[in-house]
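Visitor: Here it is: the structure, laid out below.
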Amino acid sequence: VGVMYAEVRRPCRVMILVNPNSGRCQTMQLFTGHVQGMLTEASVPYTLVITEAKNHARDVVKKADLTQWDALVIMSGDGLLFEVINGLMEREDWEQAIQTPIGILPGGSGNALAASVHHYSQAPPAWNEELLLSCGFMLCKGLVGAMDLVSVHLPSRKRLFSFLSIAWGFVADVDIESEKYRHVGGIRFLMGTLVRLATLRVYQGRLAFLPVDETSNVPKGKSNSTSPPPSMCSSLPCRHIPSSPNQNSVLRCSSRNQNTISKSTETQSDGQTKVLLSDSLLPSLDQPVPESWTVVKDEDFVLVLAIYQSHLAEDLLAVPGAMVDDGAIHLFYVTAGISRPALLRLFLAMEKGAHLDCGCPYLVYEKVKAFRLEPLSPQGVITVDGETVEYGPVQAQVHPGIARLICG
Ligand code: ADP
Ligand code: MG
């Protein structure tokens, strides 16, 4: 059985978190102009929470009584969703909390998840207001499916949860440097790419990964494949489950990857034990990677990009065949030696998802469950979901289908 969708309960109570300063600072106007009427028409009761600063949304969802909400919707860029997911995972009741359906309405300059959700629905590509309308429509329909999350270990032993990407080198630098062009919207990435190309550099580091076991029932994908696996919504049954009063405020759904979540316990300073999500594939960062992992021979990179949605930005289709719960991290790297024109060609081809068809010998694609990246360059930028994190060795593993996303 493939993915099954559940519906958000009707009438459902939706908390919409809006970042008024994301993108071109027009999020509120976009909301009142395009979304409000749609929600009223569809009789979706909602409460607006307008964020006041960074981490406001994180604190709100950390403290919220989630039995009062059937969905948490983010109207911003990917950065605000990153906060919300980490806020949910920091809760004592994370296992339940992360089951709250999450929706996305593009309001930022980096709207990769919104573009991905739209792509999974198999609709023709859309941008700007059209993408917003599509996501608003999906919210009104309220179909919910499972979404993979990736746990990320940072040098300080801190752990984060990620729904989109981990980047180092060219992509991370462009992402951060282009923040200053945020007011121009999504085109900031193209501007940033052109600027960075002029100062193209090599990043030294070590990369190792655990490949997806292609003998398992996960859809197959091979390196440099030109034929993507089937998209999520094409062949899968769509099941509407009626609401029952003794259920939690939202309905269950299942996924092709509904694994048993592996957990461990930790004794806290107050003597209480806390149940944690355990990263069973990852050794400690100071230990060598297991024998079963592949160690990349190259140590000179132009970029390393791990992505687990189809889109890296509204107009960058990184993994045409990615699915929201395919249980895989799509790992790309470009090794040193690539020319500026060849790198530009890759990014231009990515607008149509055709970069793997360029036959570029410097671009490698691997489908993995876990990876480790150890930068050797003393300084640099690593981003998780487009946000800068501590620089240094990082590792990550996928947790198939542990979150739930309004999509389809
Ligand atoms: P964009 O795509 O424009 O970058 P994001 O959603 O990624 O939009 O938000 C950018 C950053 O702004 C995030 O790090 C988020 O935490 C932060 N943020 C959230 N609310 C506010 C606010 N009210 N004012 C300023 N920054 C905020
Ligand atoms: Mg952002």
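The values are calculated or read from the model by the stated rules, or taken from the named source; none is laboratory data. Values in this document were obtained by computation on a predicted structure and should not be read as measured data. Neighbour counts run over all protein chains shown; Cβ positions are idealised from the backbone, glycine included. These accessible areas exclude ligands, DNA and RNA; they are computed on the full protein's heavy atoms, side chains included. Shrake-Rupley method; radii C 1.70, N 1.55, O 1.52, S 1.80 Å.
Visitor: Taking all protein chains as present, what is the carbon and sulfur share of the accessible area of the chain, in % to the nearest whole number, probe 1.4 Å?
Guide: Heavy-atom surface of the chain belonging to carbon and sulfur, 1.4 Å probe: 53 percent.
Visitor: Roughly what % of DSSP beta bridges within the stretch 6-148 run antiparallel, to the nearest 5?
Guide: 10
Visitor: Going by average Cβ density within 10 Å per residue, which order do the peptides 291-300, 58-67 take, highest to lowest?
Guide: With the highest mean Cβ count within 10 Å placed first, the list reads 58-67, 291-300.
Visitor: To one decimal place, what orientation-averaged projected area in nm² is obtained for the convex hull of the Cα set of the chain?
Guide: 19.4
Visitor: Given the protein chains as shown and a 1.4 Å probe, how many square angstrom of PHE137 are accessible, to the nearest 10?
Guide: Probe radius 1.4 Å; accessible area of PHE137 about 120 Å².
Visitor: Treat each spin label as a single point 7 Å out from the Cα along the C-beta direction, and report the ARG340 to GLN204 distance in nm.
Guide: Going by the 7 Å Cα→Cβ label model, 2.4 nm.
Visitor: Give LYS62/LYS274; LYS158/LYS367; LYS158/LYS369; LYS297/LYS352 a once-over and call out the pairs whose C-alpha atoms are over 27 Å from each other.
Guide: LYS297/LYS352, as the Cα separations exceed 27 Å there.
Visitor: Might you work out the accessible area of HIS399 for me, using a 1.4 Å probe with all protein chains in place, and round it to the nearest 10 Å²?
Guide: Its heavy atoms expose roughly 20 Å² to the probe.
Visitor: Distance between Cα centroids, the stretch 29-72 to the stretch 274-316: provide it in whole Å.
Guide: Computed from Cα coordinates, the inter-centre distance equals 33 Å.
Visitor: Let me ask you something else. On full extension of the chain, what length is gained from ALA42 through LYS274, given 0.36 nm per residue of separation minus the C-alpha to C-alpha distance?
Guide: Between ALA42 and LYS274, full extension yields an extra 79.5 nm.
Visitor: What's the FRET efficiency of CYS140 with GLN379 using the Cβ-Cβ distance as r and R₀ = 45 Å, to the nearest 0.05?
Guide: For R0 = 45 Å, the calculated efficiency reads 0.45.
Visitor: Leaving ligands and nucleic acids out of the surface, order HIS153, HIS118 by accessible area at 1.4 Å, largest first.
Guide: So, going from the largest accessible area down, we get HIS153, HIS118.
Visitor: Based solely on its DSSP helices, what 222 nm [θ] is calculated for the chain when runs of n ≥ 4 H residues each add -39,500 (n - 2.57) and the sum is averaged over all residues, nearest 500 deg cm²/dmol?
Guide: Computed ellipticity for the chain at 222 nm equals -6000 deg cm²/dmol.
Visitor: Give the ranking of GLU95, GLU83, GLU130 by solvent-accessible surface, highest area first, calculated with a 1.4 Å probe.
Guide: Greatest to least solvent exposure: GLU130, GLU95, GLU83.
Visitor: Something else: Roll a 1.4 Å probe over the protein chains and send me the accessible area per residue for the chain in Å².
Guide: Ligands and nucleic acids excluded, the figure is 42 Å² per residue.
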